[in-house]
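The structure under discussion appears below in the form of structure tokens.
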Amino acid sequence: MDLEKIGGIIMIYIIIIVVLAVLIFGYISLYNGLQRAKIYTEEAWSQIDVQLKRRNDLIPNLVETTKGYAKHEKDTLSQVVSLRNQMTQIPSGNHQEKMAVSDQLSNSLKTVFALAESYPDLKANTEFTKLMEELSNTENKIAYSRQLFNSSAASYNQKLVTVPSNIVANIHHMKKVGYLETPTDEKVAPKVEF
């Protein structure tokens, strides 16, 4: 064999090695991108979970503060406590059910907030006012966290269906993440009359 043939064979091997290295690097890069997007989605859910726990921790104080003023509103307070307890029993992986109960709890809390209008002494209670403010801030944080989760899920889901990352996703059996949807009753525009 002459040197020219040997040099040609070596060049072919070098090209094959370079192509394989580029393919392997590309595959690893796509896989890592999918994993990062999945982790962002999980982190966004974690933020929701933190805010739900914060709200659950504030509810007993709110109920105790309200009890003394609104003794005949026991059904409303019982419903809030029941939903809070139900929420703590839902497995952490069941996002849809957790958010459904969270939405019911938010609606029940609105009723408790409305009690303040009927009980001026309660409305004037600084502890109740602070708790209402904390819960309102927490509700806003939950709404923001839901939005962040849906944005993260959209980014992850987009990677699952676009070329070339969808090839890597299919190889690793990665599945789409469901969005947190707005409850049907909140989609209806309120009727305003003057």
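Every number here is computed from the coordinates shown, using simple stated rules; none is lab data. This structure is a prediction, so every number in the text was calculated from the model and none was measured. As a convention, Cβ positions derive from the backbone with ideal geometry for all residues, glycine included, and neighbour counts pool all protein chains shown.
Think of each Lys and Arg Cβ as +1 and each Asp and Glu Cβ as -1; about the Cα centre, that makes the dipole of the range 36-161 roughly 360 debye. Once the Cα atoms of helix 95-118 and of the chain are each reduced to a long axis, what angle between those two axes, in degrees from 0 to 90 to the nearest 10, is obtained? With both axes taken from Cα atoms, the answer is about 30 degrees.
With respect to the chain, whose longest principal axis is taken over its alpha-carbon atoms, helix 126-161 is tilted by about 20°. Using only alpha-carbon positions in the range 36-161, the gyration tensor eigenvalues give semi-axes of 33, 14, 10 Å once each is multiplied by 5 and square-rooted (largest first). Once both axes come from the Cα atoms, what is the angle between helix 3-67 and the longest principal axis of the chain, in degrees from 0 to 90, rounded to 10? Relative to the chain, helix 3-67 is tipped by roughly 10 degrees. Full extension of the segment from Lys74 to Glu127, taken as 0.36 nm per residue of separation minus the current Cα-Cα distance, would add 17.1 nm. Restricting the calculation to alpha carbons of the range 32-82 gives Rg and Dmax of 17.8, 57 angstrom.
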